[in-house]
1. Which of the numbered conditions does Asp119 fail, given that it passes all the others? Conditions: (1) open to solvent by less than 30 Å² (accessible area, probe 1.4 Å); (2) of a type outside the set (Gly, Ala, Ser); (3) within 30 Å of Pro69 (Cβ to Cβ).
2. Here is a check on your reading of the model: is Phe126 within 28 Å of Leu42 (Cβ to Cβ) and either more than 17 Å from the chain's Cα centre (by Cα) or not in a helix (DSSP H, G or I) (or both)?
3. Which residues, taken from the range 90-106, are over 20 Å from His136 (Cβ atoms) and either touching a helix residue (DSSP H, G or I) at 6+ places or on another chain (Cβ under 6 Å) or surrounded by 13 or more Cβ atoms within 10 Å (Cβ to Cβ) (or both)?
4. If I filter the range 3-15 for residues that are exposed (fewer than 10 other Cβ atoms within 10 Å of the Cβ) and either in contact with a Ser or Thr (Cβ under 9 Å, 6 or more places away or on another chain) or outside any helix (DSSP H, G or I) (or both), do I get at least one hit?
5. Report yes if some residue within the range 136-157 is in contact (Cβ under 8 Å) with a residue 12 or more places away in the chain, over 18 Å from Gly86 (Cβ atoms), in a helix (DSSP H, G or I) and open to solvent by 40 Å² or more (accessible area, probe 1.4 Å); otherwise report no.
6. Scanning the range 68-85 for residues that are farther than 21 Å from His46 by Cβ and open to solvent by 50 Å² or more (accessible area, probe 1.4 Å), which turns out farthest from the chain's Cα centre (by Cα)?
7. Taking the stated definitions as given, is Glu110 under 25 Å from His59 (Cβ atoms), open to solvent by 40 Å² or more (accessible area, probe 1.4 Å) and not aromatic (Phe, Trp, Tyr)?
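The values are calculated or read from the model by the stated rules, or taken from the named source; none is laboratory data. None of these values were measured; they are calculated from a predicted model. Because the Cβ atoms are built from the backbone with ideal geometry, glycine has one as well, and the counts that use them run over all protein chains shown. Accessible surface areas use protein heavy atoms only, side chains included; no ligands, DNA or RNA. Shrake-Rupley method; radii C 1.70, N 1.55, O 1.52, S 1.80 Å.
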Amino acid sequence: MKNWKLSAKLSVLVVLSVVGFVISIAFGLMELRSSLLEDRKLKTKHVVEVARGIVAGFHASQVEGRLTPEEAQKAAIGAVRALRYGEGEYFFINDMNSTSVMHPIKPELEGKDLSGLADPDGKKLFAEFTRVVRDHGAGFVDYKWPKPGKADPVMKISYVEGFKPWG
C-alpha cells in the first residue's frame, strides 16, 4: 500500500465500508425476518389454542350430558367454521386419516380424503398435519400454497393440534 495513491486508498476504504454496511443491513434484515416469523408463529399457535378451547367446551357439554355427541360435534364445527383471524386466515378440521371434516371456504372438500394433496414441492400437506399431531400432539408445518392474485405460491405456516376425544 506504500505505492498506492491516496485516492486509491480512500476508494478501497469506501468500498470496504459500503460492503460492511450492506452486510450489516443484511444481517439486521435476517434478524427482523426471524423475529417476525416467531411472532407470527406465536400468534397462530394462540388462535389455534383458542379454537381448540371452543371445541373442548362443546365436548364438555357432551360429557355432562347436555348435548349428544352429534350435537356437540356439529356445534363445535359450526363455531370453528365461523372463526377468522389475521387477513383472511381461517381454520379447518381434518381427522387422523387426513379426511376433511370442515373447510370453511371449500365445503366440497368435506368428507374427502386429502392425504394426497401436495404443495408445489410435493409435500403432502394433510399427511404431514396428521403426522405432526400423531408424533407430537401439536406443531408447525410450513409449505407453499397458491394465493389468489399471486402468480407464484407463497410460503405458509400452519399450527396443528390434535383433539383426542374426537380424533
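1. Looking at each condition in turn, Asp119 falls short on (3).
2. Numbers: within 28 Å of Leu42 (Cβ to Cβ): yes; either more than 17 Å from the chain's Cα centre (by Cα) or not in a helix (DSSP H, G or I) (or both): no.
Answer is no for this residue.
3. So in the range 90-106, the residues over 20 Å from His136 (Cβ atoms) come out as 90, 99-106.
Once the filter is applied, which keeps residues that are over 20 Å from His136 (Cβ atoms) and either touching a helix residue (DSSP H, G or I) at 6+ places or on another chain (Cβ under 6 Å) or surrounded by 13 or more Cβ atoms within 10 Å (Cβ to Cβ) (or both), the range 90-106 yields Tyr90, Thr99, Ser100, Val101, Met102, His103, Pro104.
4. Going through the range 3-15, the residues exposed (fewer than 10 other Cβ atoms within 10 Å of the Cβ) turn out to be 3, 5-7.
Imposing the further condition that a residue be either in contact with a Ser or Thr (Cβ under 9 Å, 6 or more places away or on another chain) or outside any helix (DSSP H, G or I) (or both) reduces the set to 3, 5.
Yes, the range 3-15 has at least one match.
5. No.
6. The selected residue is Thr68.
7. Numbers: under 25 Å from His59 (Cβ atoms): yes; open to solvent by 40 Å² or more (accessible area, probe 1.4 Å): yes; not aromatic (Phe, Trp, Tyr): yes.
Yes, satisfied.
One line per residue, one yes/no per condition, for (1) over 14 Å from Asn94 (Cα atoms); (2) modelled with pLDDT under 90; (3) among the aromatic types (Phe, Trp, Tyr):
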{"site": "Phe126", "(1), (2), (3)": "no, no, yes"}
{"site": "Phe129", "(1), (2), (3)": "no, no, yes"}
{"site": "Val132", "(1), (2), (3)": "no, no, no"}
{"site": "Asp142", "(1), (2), (3)": "yes, no, no"}
{"site": "Lys147", "(1), (2), (3)": "yes, yes, no"}
{"site": "Gly162", "(1), (2), (3)": "no, no, no"}
